[in-house]
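What follows draws every value from the coordinates through simple rules; no lab data is involved. These figures come from a predicted structure and were not determined experimentally. So basically every Cβ, Gly included, is an ideal-geometry build from the backbone, and we count neighbours across all protein chains shown.
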Amino acid sequence: MAVRIRLKRLGRRHRPFYRVCAMDSRAPRDGKVIEELGVYDPMIRETDARVTLNQERVSYWLGVGAQPTEKVQVLINKYGPEGTHLQQQSEAMERLKLSKPTAPPAEPLPTFEEETPAEEAASDEAAAADEGASEESVAAEDTTADDVVAEEAAEEEAAEEEAAEEEAAEGDSEEESE
């Protein structure tokens, strides 16, 4: 079996994407592969960042006699194990990483600690005390406007009675002095 290193086309129409694969020479272009050795994306703006190859596997397949196609031979010469553009490729990859917008880091989820039995008892007592206080406040809130008016009227009557008693006491003291 003659092995070829060639491109397998993926992607959609007008948006090509290729995998560099070791394939049987008789297999169709997009058919079964023996091994995938890297990727080639011609749509990336940075020319030197378009190819990513697994250096060890490419050198293995070349060592056992696999024949690359013309385009793959050019890619291997530039970005392969002894490529001429390896430095430019690493710089282009760094530029791509910096230019891509990244999402802000995720906020950590709150953690809930399990309570021990003693803490549960204390929290139950506190909850019961809170319920008793809330019942009192609800009872206080149940007073209507009529009740408030009645209480104010009762206070005014009490104040008037006290004033009348004081006047009567003053009147008695004036009569005694005469």
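Could you check how many residues of the stretch 70-103 are exposed (fewer than 14 other Cβ atoms within 10 Å of the Cβ) and in contact (Cβ under 8 Å) with a residue 60 or more places away in the chain?
1
When the residues of the stretch 4-50 are filtered to those that are touching an Asp or Glu at 6+ places or on another chain (Cβ under 8 Å) and crowded, with 18+ Cβ neighbours inside 10 Å, which remaining residue is farthest from Q88 (Cα to Cα)?
Selected residue: R4.
Consider the stretch 14-35. How many of its residues are free of Cβ contacts under 8 Å to residues at least 24 places away in the same chain and in a strand (DSSP E or B)?
4
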